[in-house]
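Here the structure comes first, spelled out in structure tokens, and everything after it is commentary.
The values are calculated or read from the model by the stated rules, or taken from the named source; none is laboratory data. Everything quoted here is computed from the prediction, not taken from an experiment. Note that we place each Cβ from the backbone using ideal geometry, even for glycine, and neighbour counts take in every protein chain shown. The area values use the complete protein model at the heavy-atom level, side chains included, leaving out ligands, DNA and RNA. Shrake-Rupley method; radii C 1.70, N 1.55, O 1.52, S 1.80 Å.
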Amino acid sequence: MNKKHYVALSCAALMSLVSLAGCSQNTTALEIDGEQVIVSIENDGSKETYTANDLFGKYLSTTSGASAAFDAVYNVLIRKGVPITQEISNEVATQVAEIQQDANDNASTNGTTYNEELSKLLESNNADDLSDLSKIKELNLQKSKFEDDYYENQIFEGTMTDSITASENENQFSQYYLSKEFIKNENPYHIRHILVKVSSSGDSFLPAAQTISADEAKKLANTIKDLASPSITYGQVAQSYSDDGSVSSFGSLNEIMGRTTGYVDEFKFGVFQFDAYHNGNVTDGAATLGIPEKVRVSDNDTNSVNAKDVMDSCVKYIPYSVADQLLQYAETTKDIDGANVKDGKETYYPRNILFNYYFNNHGLSFIVRGEAESVVNNENFKHFDNLSQSNEKKDDILCDENGRPILVTRAGTGSGDSGYQGIHFILIENSPLVNEENLGKEGYTYSVEQELKYYSINVPRTNADISKDKRYVTFIDSQRGDYSDRAGEIESAIKSYDSNIRFRFYEKIQDDLKNQGYTVKLDDRIANSINTYISSTRAQSALSRKDNYEDSWEAYLRKLITQKEFEGTKIALNNIKELKFDANYQDAK
């Protein structure tokens with residue numbers, strides 16, 4: 001049996017830790033009714049005393065006071081619970097020596113003394129002297145070791161394996177909770193995309209007001225044509241055409257996309273919409289993804305409309321032949337008789353009429369086979385029960401080489417060099433609501449554990465066969481360094497998921513101390529203050545997360561409502577025929 005030890009903190013002891021008493025001199029302790037007196041004032045025989053509770057009771061009830069108390073207690077627990085290894089001692093010595101060397105160098109540069117420069121450096125490190133500095137550096141290294149070990153042992157080695165052990169009570173701190181919570185609440189997606197940037201404005205909802213350049217029209221068209229080519233993979237198209245940093249990773253975003261990921265709404269919510277309403281392999285996706293049932297039309301209107309109806313009304317289908325037309329008319333600015341179109345109004349250029357009619361959609365769009373003879377037997381186009389408009393081949397949807405539909409949306413942020421506007425061709429490499437490995441198998445069920453395996457950080461050995469190892473790390477055959485980078489992306493996503501991760505550290509170090517035979521006791525007032533601070537901060541974070549998510553959905557859906565209201569301002573396709581750009585023009589089919 002472990003020998004019992006005690007870690008006890010009184011209110012007065014805590015306040016000295018957070019430097020509230022402001023006195024480091026030795027004093028004789030005075031107690032009244034068993035409570036330590038912090039300040040005693042005497043004059044002409046009268047005496048006033050102030051206990052810790054008198055002075056700090058109200059302070060502990062404030063957020064800043066509770067936070068300071070939390071930090072102080074956490075530091076004490078770390079000092080007691082994390083062994084000071086030789087590695088830590090050596091690193092402390094190195095860091096202190098570097099400070100001393102900096103003081104020497106600064107003194108030489110500034111024409112001052114070593115002690116003057118050392119005093120400045122100590123102050124910047126909140127240290128009184130070199131001994132105090134060593135203690136501060138030592139504590140920081142103890143924290144780093146404990147927190148790194150927490151991630152490594154409790155999350156990555158503990159959960160990201162083929163053998164997952166369910167927690168007995170996931171409502172409490174547990175060995176596996178953070179990773180599972182990340183999967184269940186963040187709904188992480190592995191997304192690939194191709195971004196074709198355009199110079200049109202992102203501010204106007206008047207479709208007829210948007211214009212693109214001839215080169216942009218050609219690039220948009222060639223992207224579609226190559227996506228439809230059976231001999232070219234999605235990744236190869238991304239490398240050829242995408243206008244962002246995902247080129248080197250075959251369109252992979254190099255970041256796991258979840259509910260709180262800061263992507264533009266059209267991109268993120270378009271993916272969620274597809275899984276919720278169009279993916280036949282997903283059950284009850286809208287509820288799982290937290291998609292609202294209703295949305296208010298405006299702030300000044302209490303009326304609301306069905307959110308799904310709003311999204312469905314903006315689903316568009318783009319015939320493949322539009323790509324041919326964009327190429328044909330990319331540079332056309334004059335009519336068949338050589339006259340400037342509408343006295344040079346760019347919105348009437350054929351490429352812009354086509355762009356506004358088919359691509360200027362902040363909702364979801366899909367490329368369909370249509371009646372183009374060049375793709376009549378193209379197997380990259382497939383039928384989807386919840387997506388295709390009919391069972392006819394002309395309504396088949398363009399997919400990648402693995403039969404996954406390609407989602408299209410117009411999205412952007414900012415303007416000029418500080419932002420972008422473009423057309424995204426999105427591919428869901430892995431959905432948190434579908435386990436592709438087991439699709440079609442008898443008794444197929446989906447579970448969090450299956451998704452955890454997809455996000456395993458195990459990096460395959462050099463020259464390992466990954467043909468049957470389709471995970472985030474190994475989704476495509478790459479160099480070992482690329483596998484390691486993607487493993488790091490998983491770690492980063494999980495580490496940043498909980499903004500209050502320090503509370504998990506606090507709970508874990510207490511568990512560790514108990515396992516080492518310690519009994520941790522806090523003054524009741526301190527304990528209540530810290531516990532209230534932790535619970536209220538967590539509750540506030542959860543509420544803020546929920547509100548921000550709902551607000552984003554509302555903003556996105558209102559954008560679609562506004563877009564729908566301006567639908568009638570589009571320049572009709574028959575203008576291309578009427579303006580006589582080409583005597584043989586036919587509408588896209």
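Side notes on the structure shown:
- Number of residues in the range 77-93 that are without any contact (Cβ under 8 Å) to a residue 40 or more places away in the chain and in a loop (DSSP other than H, G, I, E, B) equals 1.
- Taken over the range 237-271, residues that are closer than 28 Å to Leu560 by Cα and in contact with a Ser or Thr (Cβ under 8 Å, 6 or more places away or on another chain) amount to 14.
- Residue check: Asn115 meets all listed conditions (1) of a type outside the set (Gly, Ala, Ser); (2) without any contact (Cβ under 8 Å) to a residue 40 or more places away in the chain; (3) surrounded by 14 or more Cβ atoms within 10 Å (Cβ to Cβ) but one, namely (3).
- The condition of being at negative phi, free of Cβ contacts under 8 Å to residues at least 60 places away in the same chain and either more than 30 Å from the chain's Cα centre (by Cα) or part of a loop (DSSP other than H, G, I, E, B) (or both) holds for only one of Asn378, Asn303, Asn361, Asn386, that being Asn303.
- Qualifying residue in the range 399-410 (condition: touching a Phe, Trp or Tyr at 6+ places or on another chain (Cβ under 9 Å), surrounded by fewer than 20 Cβ atoms within 10 Å (Cβ to Cβ) and not in a loop (DSSP other than H, G, I, E, B)): no
- Hits in the range 316-356 (condition: in contact (Cβ under 8 Å) with a residue 60 or more places away in the chain, in a loop (DSSP other than H, G, I, E, B) and β-branched (Val, Ile, Thr)): Thr332, Ile336
- Criterion (over 19 Å from Ile318 (Cβ atoms), open to solvent by 10 Å² or more (accessible area, probe 1.4 Å), in contact (Cβ under 8 Å) with a residue 12 or more places away in the chain and not basic (Lys, Arg)) met by exactly one of Asp275, Asp226, Asp244: Asp244
- Test: residue in the range 530-547 that is touching a helix residue (DSSP H, G or I) at 6+ places or on another chain (Cβ under 6 Å) and not hydroxyl-bearing (Ser, Thr, Tyr): yes
- Out of Tyr348, Tyr357, Tyr263, sole residue that is over 30 Å from Leu579 (Cα atoms) and modelled with pLDDT of 90 or more: Tyr263
- Helices (runs of 4 or more DSSP H) fully within the range 480-589 counting 2 or more residues that are among the aromatic types (Phe, Trp, Tyr) and open to solvent by 80 Å² or more (accessible area, probe 1.4 Å): none
- Every condition in (1) within 30 Å of Ile183 (Cβ to Cβ); (2) basic (Lys, Arg); (3) exposed (fewer than 15 other Cβ atoms within 10 Å of the Cβ) holds for Lys308 except the one numbered (3).
- Checked against (1) at positive phi; (2) out of contact with any His (no Cβ under 9 Å at 6 or more places or on another chain), Gly251 passes all but condition (2).
- Subset of the range 523-561 [modelled with pLDDT under 90 and of a type in the set (Val, Ile, Thr)]: Ile526
- In this structure, Glu181 does not qualify as under 17 Å from the mean Cα position of the chain (by Cα), surrounded by fewer than 22 Cβ atoms within 10 Å (Cβ to Cβ), among the acidic types (Asp, Glu) and modelled with pLDDT of 85 or more.
- Residue, modelled with the lowest pLDDT, within the range 188-223, restricted to residues that are hydroxyl-bearing (Ser, Thr, Tyr) and open to solvent by 10 Å² or more (accessible area, probe 1.4 Å): Ser204
- Residue check, Asp162 open to solvent by 50 Å² or more (accessible area, probe 1.4 Å), at pLDDT below 90 and under 30 Å from Ile501 (Cα atoms): yes
- Across the range 94-129, the number of residues qualifying as within 20 Å of Ile78 (Cβ to Cβ) and in a helix (DSSP H, G or I) comes to 2.
- Going through (1) touching a strand residue (DSSP E or B) at 6+ places or on another chain (Cβ under 6 Å); (2) open to solvent by 30 Å² or more (accessible area, probe 1.4 Å) one by one, His362 falls short only on (2).
- Lone unmet requirement of (1) acidic (Asp, Glu); (2) part of a helix (DSSP H, G or I); (3) under 30 Å from Ser229 (Cα atoms) for Asp309: (3)
- When Ser231 is tested against (1) part of a helix (DSSP H, G or I); (2) of a type in the set (S, T, N, Q); (3) over 24 Å from the mean Cα position of the chain (by Cα), only condition (1) is not met.
- Of the criteria (1) over 16 Å from Asn140 (Cα atoms); (2) out of contact with any Leu (no Cβ under 9 Å at 6 or more places or on another chain); (3) open to solvent by less than 70 Å² (accessible area, probe 1.4 Å), which one Gln101 fails: (3)
- Residue within the range 326-339 that is of a type outside the set (Asp, Glu), at pLDDT below 95 and touching an Asp or Glu at 6+ places or on another chain (Cβ under 6 Å) present: no
- Meets criteria (surrounded by fewer than 13 Cβ atoms within 10 Å (Cβ to Cβ) and either part of a loop (DSSP other than H, G, I, E, B) or of a type in the set (Ser, Thr, Tyr) (or both)) for Thr474: no
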